[in-house]
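As structure tokens, the structure follows; a few thoughts come after it.
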Amino acid sequence: FNILVLHGPNLNLLGTREPKHYGRATLADINQALKDLAQAHQLTTFQSNAEYQLIERIHAAREEHVDFIIINPAAFTHTSVALRDALSAVTIPFIEVHLSNVHAREPFRQHSYFSDLAVGVISGLGAQGYLLALQAALAMLRDKNA
Ligand code: DQA
């Protein structure tokens, strides 16, 4: 299968960024753990601080026949109708991941523009959340293709 993992703004700072909320793993650590778990499947990772670049990457995913997207939209979770519309337009199933438990934080983090479109949402399990999302995605794709 072909899986795309998208990381939104400020996630390039993981490792040093507010470890109380986001843990000590770096983005490179997370991407490597995902690649290890993906084994023979194609897994591409992409991080951007720019909404426009994330939208362009989602559009490209359709041309590349990406089967599944795992996305941590970071702060765009709470602000971006444009990113939501991009995911809706390409009709690629996706799981929304947050390192922190957004429901245990400021009220403005409790609304997501993505959750009602997502296959599922993982929040508060740290870097492990990405690996759980990948496991779930692979299992779903296997079932669908069985
Ligand atoms: C986040 C939660 C968001 O509210 C925040 O803006 C982030 C990271 C998380 O992974 O916990 O940048 O998506």
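Kirkwood Rh over Cα pairs of the chain into Stokes-Einstein at 25 °C, 0.890 mPa s: D in µm²/s?
For the chosen part, D equals 162 µm²/s.
What FRET efficiency, computed as 1/(1 + (r/R0)^6) with R0 = 22 Å and r the Cβ-Cβ distance, is obtained for LYS20 and GLN110, rounded to the nearest 0.05?
That gives a FRET efficiency of 0.70.
Please identify which residues in segment 78-106 have an amide N closer than 16 Å to a label point set 7 Å out from the Cα of ASN10, following the Cα→Cβ vector.
Those under the cut-off are 78-80, 98-106.
Go through ALA61, GLN42, ALA104 and say which Cα lies farthest out towards the positive end of the charge dipole of segment 42-116; charges sit on Cβ, +1 for Lys and Arg, -1 for Asp and Glu.
With unit charges placed on the Cβ atoms, the residue in question is ALA104.
Loop only by DSSP, 16 or fewer other Cβ within 10 Å of the Cβ. Give me the trypsin sites (Lys or Arg not before Pro) in segment 84-123 that pass, ordered by residue number.
Qualifying residues, ordered by number: ARG105.
Among the trypsin sites (Lys or Arg not before Pro) in segment 1-62, which ones are in a DSSP loop with at most 12 other Cβ atoms within 10 Å of the Cβ? Mind listing them?
ARG24
What full-extension length gain, to one decimal in nm, is calculated for HIS65 and LYS35 as 0.36 nm per residue of separation minus the Cα-Cα distance?
8.9 nm
Which of the GluC sites (Glu not before Pro) found in segment 1-83 are loop residues per DSSP with 16 or fewer other Cβ atoms within 10 Å of their Cβ?
Those satisfying the criteria are GLU64.
When the helix-only estimate is applied to the chain (DSSP H runs of n ≥ 4, each -39,500 (n - 2.57), divided by the residue count), what is the mean residue ellipticity at 222 nm, nearest 500 deg cm²/dmol?
The helix-only estimate for the chain comes to -12000 deg cm²/dmol at 222 nm.
Let's test the formula: R0 of 22 Å, r as the Cβ-Cβ distance of ASN49 and THR79. What FRET efficiency results, to the nearest 0.05?
Taking R0 as 22 Å, the efficiency between ASN49 and THR79 is 0.95.
Could you work out the relative contact order of the chain? I mean the mean sequence separation of Cα pairs under 8 Å and 6+ apart, divided by the number of residues, in percent.
27 percent
Among the helices of the chain (complete DSSP H runs), which have Cα atoms covering no less than 20 Å along the helix axis and a Kyte-Doolittle mean of at least -1.0?
Correct list, ordered by number: 128-145.
All of the numbers you see were taken from the coordinates with simple rules; none came from a lab. Keep in mind it's a predicted model, so treat the numbers as computed, not measured. Backbone-built Cβ (ideal geometry, glycine too); neighbour counts: all protein chains shown.
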